[in-house]
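Trainee: Quick one: structure below, then a few questions.
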Amino acid sequence: MRPGTTLSWLVNERRPGYGTILKLLRESAWTSSARGVEVDGRCAVKSSLDELLAFATRLDSDHIPYSLSVERANAVMVTVAVPGQRWEVEFMADGSIEVEKFTSDGQLYHPSQVDDLFDEIKELLD
C-alpha cells in the first residue's frame, strides 16, 4: 500500500485479497463485541471496528504506510514497516488488541546468506 492510502480507499477499491477483510468487518461480531471506554467523562461503547479505524486514521494522519491482512479467523492485522522496526497490530472480533514490535539490530548481511534464511525458515516449518 502506498503512503497516505486511507482505509476508506482500500475498502472502496475492493482489491483482490481484501474481500475476506470486508466480510470480517461486516460480521456482527465486529459491531456487537464492544467494550466500555470513557469519552469526555462519560461512558461510551467502542467496538473493534472503531479501534481499527482510529488506528488506521492515525497512521494516515502521520503518513505512515501500512497494510491490512487476515492471518487468523476473527482478526484483522495491521502491519507497519518503518526504518528499523516492524509492528504487527491485530484487532480481534472480541475487542482485544495484540501488539508485537520487531526491531532490527542494524546488521546487514551478505546476499549469499539468502539461502541460509530459507534453510532456517524451512527448519522452523518442519
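The values are calculated or read from the model by the stated rules, or taken from the named source; none is laboratory data. Treat the numbers as computed from the prediction; the structure is a model and nothing was measured. Here the Cβ positions follow ideal geometry from the backbone for every residue, glycine too, while neighbour counts run over all protein chains shown.
Trainee: So in the range 84-126, with the set limited to residues that are aromatic (Phe, Trp, Tyr) and part of a strand (DSSP E or B), which one is nearest to residue 64 (Cα to Cα)?
Mentor: So in the range 84-126, the residues aromatic (Phe, Trp, Tyr) come out as 87, 91, 102, 109, 118.
Still in the running and part of a strand (DSSP E or B): 87, 91, 102.
Details: 87: 12, 91: 18, 102: 16 Å.
Step by step, filter the range 84-126, then rank; the result is 87.
Trainee: A further question follows. Does residue 38 qualify as being modelled with pLDDT of 90 or more and in a strand (DSSP E or B)?
Mentor: No; evaluated as a whole, the condition is false for this residue.
Trainee: Scanning for something over 23 Å from residue 48 (Cβ atoms), among the hydrophobic types (A, V, I, L, M, F, W, C) and loosely packed, with under 11 Cβ neighbours inside 10 Å, does the range 85-101 turn up at least one residue?
Mentor: Keep residues of the range 85-101 that are over 23 Å from residue 48 (Cβ atoms), which gives 85.
Imposing the further condition that a residue be among the hydrophobic types (A, V, I, L, M, F, W, C) reduces the set to none.
Checking the range 85-101: not a single residue is over 23 Å from residue 48 (Cβ atoms), among the hydrophobic types (A, V, I, L, M, F, W, C) and loosely packed, with under 11 Cβ neighbours inside 10 Å.
Trainee: For the range 56-74, enumerate the residues that are more than 25 Å from residue 105 (Cα to Cα) and under 9 Å from the mean Cα position of the chain (by Cα).
Mentor: 56, 68, 69, 70
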